[in-house]
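Here, each number is a calculation from the coordinates, and none is a lab measurement. Just so we're clear, the structure is a prediction, and the values are computed from it rather than from any experiment. Ideal geometry is used to build each Cβ from the backbone, glycine not excepted, and the neighbour counts take in all protein chains shown.
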Amino acid sequence: MSKAKRALFSAVAAALVVAGVFALLGMVEGSIAGRIFVAAGLPLGTLFLQVLPDSTLRAVAPEGGANAVGWVFALSAVTTWLLIVFALCFLITGRMRSNSAAHPEPLKRRTLSPSSSCRPGGRGR
């Protein structure tokens with residue numbers, strides 16, 4: 001599989017996995033797993049807050065304040081997990097082998113009954 005195909009497959013798989021996990025975590029309020037998933041986005045969230053201009057924060061959350069910070073950390077958590085799952089999928093697909101690839105040593109043709117010349121002594125019965 002080419003690197004472009006692996007990257008495309010990994011991106012789609014990562015998006016589906018992260019969307020599914022966050023949808024499940026959204027159904028269960030106050031779970032520890034949900035807090036862990038959001039906490040994983042804290043380093044990237046603080047970077048987003050320092051790098052993003054105020055106009056972008058106002059576009060995400062016009063009310064500003066805690067609402068804007070909440071949106072930034074939510075987006076950073078999703079981004080963090082997309083990158084983690086993408087990397088895992090990319091590594092896993094790199095380890096997979098294609099079944100359609102030619103085998104380096106093709107099997108010899110075998111018959112059910114060996115010929116008489118193949119028997120010890122070279123004679124038939």
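A compact table of results
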item	result
Cα-based equivalent ellipsoid of the stretch 1-46: semi-axis lengths in Å, sorted from largest, via gyration tensor	27, 14, 6
Only Lys, Arg (+1) and Asp, Glu (-1) charged, at Cβ; the stretch 3-98 dipole about Cα centre in debye	680
Relative pair counts by distance (%), Cα atoms of the stretch 19-78, 5 Å bins	4, 19, 26, 22, 16, 11, 3
